[in-house]
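**Q** One structure follows; several queries about it will come next.
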Amino acid sequence: MSRLAKAIHLPAVTSYLLAGLLLGPFFLGRLSLSNFGIGFGTLEQVDSLSIITQVALGFIAFVIGNEFRLSTLESMGRQAITVGILQAVMTTALVDAALVVLHFIRPDIISMASAITLGAIAAATAPAATLMVVKQYKADGPLTRLLLMVVALDDAVGLVLFSASFGIANALQQGRIDAISILVEPVVEIVFSLGLGAVAGFALNQLEIYFHSRSKRMSLSVAFVLLTVGLSMVTFDIGPIHCGFSLLLVCMMTGTVFCNICPTSDELMDRLDRWVSPVSILFFVLSGAELDLNILSDPLVLLIGVVYIAFRSLGKISGAFVSGRATRCSRNIQKYLGITLLPQAGVALGMAAEAAELSDGHMVRNVVLFSVLVYELAGPTLTKLALTAAGEITPEGRTNARMANKPEFPVSLD
């Protein structure tokens, strides 16, 4: 599939998603081939492999943590924080406004609570597809570096916006405001996640110095990522406060602390990135397989989905432009950053699953599923086009890993 994608100049990510779609319940699954081990017969079969998705997201976040080196933060930290917050808030505001207007026009289609919740979900950006495109095309430059930092910050900003919006949505339906779930729990989750990640990053560095073999050091790094993924799934209560961790924030902080205090982290991260490639491919295949095509048969979902996609895209692009201009970013960043922030997947689906307790929560989930279907198939290509237009992707030459590089003769050693 990736060879076919390369022939028509599409990113490999798109081919993996399409492969998953073909292996999913709506193509090969309809032929009952899953009985012979080919494809997935039901969405439940795809969900049974969700641990692979969690592990892949953990490694992706760990690698993104490498972008938060102190040298980079000194030069781009203020810009990344400002852009990350402003573009997310503007996107939420625009989607909220559009869906609230739709609610007043047709209250039977979407409730006020769902409109507010969808606006917050719109802020989330998927880091996996973006990182895959960057790695495949070896993109590098100011736009790429700022993009990876903003994508990582989006998880924290989106978490706060969603928690506050979902708390307000519940208040509208139940007639009471829960200050703990709106204000306290999202802050506690972020603080606990960053704290756990920092401890894990420091511990990894302390243990890594006892090993000199490259394979053992890489194995130790893999083990620590798996450990942090497992710990991030733990939830507990402190009095009335429900506490949990954000997988992306925990693993990202682990990578950030480790890369800033380990002098040999560059070489180790490069080796780890190559090892993780098969896991990343599995992640996108499973993401494609879990796309529910049944939602395309519901015209109301399509209507709300089109409004959601249009105003989310407008919010990301205009928000990145305005915030980029306010922080005096280059013209390329102002012009192209918003386009690269369009992909949306796992984090948004997790928020939508939590919103299922609303009176029309199933509609929220279906709208997000529809948007993920569109963004995951089109987003990687748009990211590639934007980075190419910004001059941060060099056109690929013909390479062949099967042939050794042969120098031209005669060769002189003088």
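**Q** Out of Ser287, Ser280, which single residue is open to solvent by less than 60 Å² (accessible area, probe 1.4 Å), in contact with an Asp or Glu (Cβ under 7 Å, 6 or more places away or on another chain), of a type outside the set (Phe, Trp, Tyr) and part of a helix (DSSP H, G or I)? Please lay out each step first, then the result.
**A** On the way: Ser280 fails: in contact with an Asp or Glu (Cβ under 7 Å, 6 or more places away or on another chain).
Exactly one residue qualifies, and that residue is Ser287.
Results for (1) polar (S, T, N, Q); (2) at pLDDT 85 or above; (3) closer than 20 Å to Ala348 by Cβ, shown as yes or no for each residue.
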{"site": "Pro240", "(1), (2), (3)": "no, no, no"}
{"site": "Met253", "(1), (2), (3)": "no, yes, no"}
{"site": "Ile261", "(1), (2), (3)": "no, yes, no"}
{"site": "Val276", "(1), (2), (3)": "no, no, no"}
{"site": "Phe284", "(1), (2), (3)": "no, no, yes"}
{"site": "Leu293", "(1), (2), (3)": "no, no, yes"}
{"site": "Leu303", "(1), (2), (3)": "no, yes, yes"}
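**Q** From Ala80, Ala123, which residue is of a type in the set (A, V, I, L, M, F, W, C), surrounded by 18 or more Cβ atoms within 10 Å (Cβ to Cβ) and under 15 Å from the mean Cα position of the chain (by Cα)?
**A** Details: Ala80 fails: under 15 Å from the mean Cα position of the chain (by Cα).
One residue alone meets the criteria, Ala123.
**Q** Moving on to the next point. With the stretch 295-356 as the region, which helices (runs of 4 or more DSSP H) entirely inside it contain at least 3 residues that are open to solvent by 50 Å² or more (accessible area, probe 1.4 Å) and without any contact (Cβ under 8 Å) to a residue 24 or more places away in the chain? If you could, list the steps in order and put the result at the bottom.
**A** Values: elements: 299-326, 331-340, 346-354.
Correct list: 299-326.
**Q** Next up: Can you run down the residue pairs with Cβ atoms below 8 Å, 6 or more apart or on separate chains, where the first is in the stretch 378-403 and modelled with pLDDT under 85 and the partner is open to solvent by 20 Å² or more (accessible area, probe 1.4 Å) and assigned to a loop (DSSP other than H, G, I, E, B)?
**A** So the pair list comes out as Thr394/Tyr137; Thr394/Lys138; Glu396/Tyr137.
The values are calculated or read from the model by the stated rules, or taken from the named source; none is laboratory data. Just so you know, these numbers come straight off a predicted model, no measurement behind them. Because the Cβ atoms are built from the backbone with ideal geometry, glycine has one as well, and the counts that use them run over all protein chains shown. Quick note on the areas: whole protein, heavy atoms, side chains included, nothing else; ligands and nucleic acids left out. Shrake-Rupley method; radii C 1.70, N 1.55, O 1.52, S 1.80 Å.
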